1. Please go through the stretch 147-157 and give me each residue that is part of a strand (DSSP E or B) and not charged (D, E, K, R), ordered by number.
2. Here is a list: V144, V133, V140. Which entry is in contact with a helix residue (DSSP H, G or I) (Cβ under 7 Å, 6 or more places away or on another chain) and either in a loop (DSSP other than H, G, I, E, B) or at pLDDT 95 or above (or both)?
3. Which residue pairs have Cβ atoms under 8 Å apart, sit 6 or more places apart or on different chains, and have a first residue in the stretch 13-28 that is under 14 Å from Y174 (Cβ atoms) and a second that is in a loop (DSSP other than H, G, I, E, B) and not β-branched (V, I, T)?
4. Condition first: open to solvent by 50 Å² or more (accessible area, probe 1.4 Å), of a type outside the set (F, W, Y) and either at pLDDT below 90 or outside any strand (DSSP E or B) (or both). Now tell me which residues in the stretch 86-120 satisfy that.
5. Determine, yes or no, whether R128 is open to solvent by 60 Å² or more (accessible area, probe 1.4 Å) and farther than 23 Å from V140 by Cα.
6. Take the residues of the stretch 1-39 that are among the polar types (S, T, N, Q) and either open to solvent by 90 Å² or more (accessible area, probe 1.4 Å) or over 18 Å from the mean Cα position of the chain (by Cα) (or both): which is modelled with the lowest pLDDT?
7. Can you tell me which of (1) buried (at least 16 other Cβ atoms within 10 Å of the Cβ); (2) over 23 Å from S37 (Cα atoms) is the one S158 doesn't meet?
8. Would you point out the residue of the stretch 59-79, among those that are at pLDDT 90 or above, not hydrophobic (A, V, I, L, M, F, W, C) and not in a helix (DSSP H, G or I), that is surrounded by the most Cβ atoms within 10 Å (Cβ to Cβ)?
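The values are calculated or read from the model by the stated rules, or taken from the named source; none is laboratory data. Since the structure is predicted, the reported quantities are computational estimates derived from the model, not experimental observations. Glycine gets a Cβ as well: all are built from the backbone with ideal geometry, and neighbour counts include every protein chain shown. Surface accessibility is based on the protein's heavy atoms, side chains included, excluding ligands, DNA and RNA. Shrake-Rupley method; radii C 1.70, N 1.55, O 1.52, S 1.80 Å.
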Amino acid sequence: MELAAGSFSGEQFREACAELQQPALAGADWQLLVETSGISIYRLLDQKTGLYEYKVFGVLEDCSPTLLADIYMDLDYRKQWDQYVKELYEQECNGQTVVYWEVKYPFPMSNRDYVYLRQRRDLDMEGRKIHVVLAQSTSVPQLVERSGVIRVKQYKQSLAIESDGKKGSKVFMYYFDNPGGQIPSWLINWAAKVALTADPWMW
């Protein structure tokens, strides 16, 4: 699931936008995991890994779309509130901006790290202003794997945000993450479920 050198396609951005208008849940075994406080979380089993993909739909009533997108892109702010961040920064590699992110795991598990491309576009879709952020794991020679840290090579996320017609934001998020190593798939799925239901927008 690593993204080759380059950038995301226009079609990938349009697909994320389309989920806001009409969630793409048909034709696959998406299961409703939880529905509460205006937020719906669905999951789909990935047969190859035994892990789940997630889709989240909902409304944040007190946060404007532009502010929400800005917060999501702000890595320095994430380092302030996310206690599991060990290292997080952007680096220019081969003419493109790559994010490096090391996540602290509890003993005796090894930390995980991510190298991924991330792009934001602010789109006008038939008069609707939509902020879209796409992220996907990649590999670059400048950021080699570190001893004692397991590199996550399957990571993908999409985020689309537009106004809810009032003061808040209508949001769609897709997420898949395979942390690798010797962690049982049931434990990964349980941890993902707990994290998503606790605060789905902070992934």
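1. Matches in the stretch 147-157: V149, I150, V152, Q154, Y155, Q157.
2. Answer to the check: V133.
3. Taking only residues 6 or more apart or on different chains, the pairs are E15/A24; A18/A24.
4. Listed by number, the residues that qualify are N94, G95, K104, P106, P108, M109.
5. yes
6. So, considering only residues that are among the polar types (S, T, N, Q) and either open to solvent by 90 Å² or more (accessible area, probe 1.4 Å) or over 18 Å from the mean Cα position of the chain (by Cα) (or both), the one modelled with the lowest pLDDT is S37.
7. Failed condition: (2).
8. So, considering only residues that are at pLDDT 90 or above, not hydrophobic (A, V, I, L, M, F, W, C) and not in a helix (DSSP H, G or I), the one surrounded by the most Cβ atoms within 10 Å (Cβ to Cβ) is S64.
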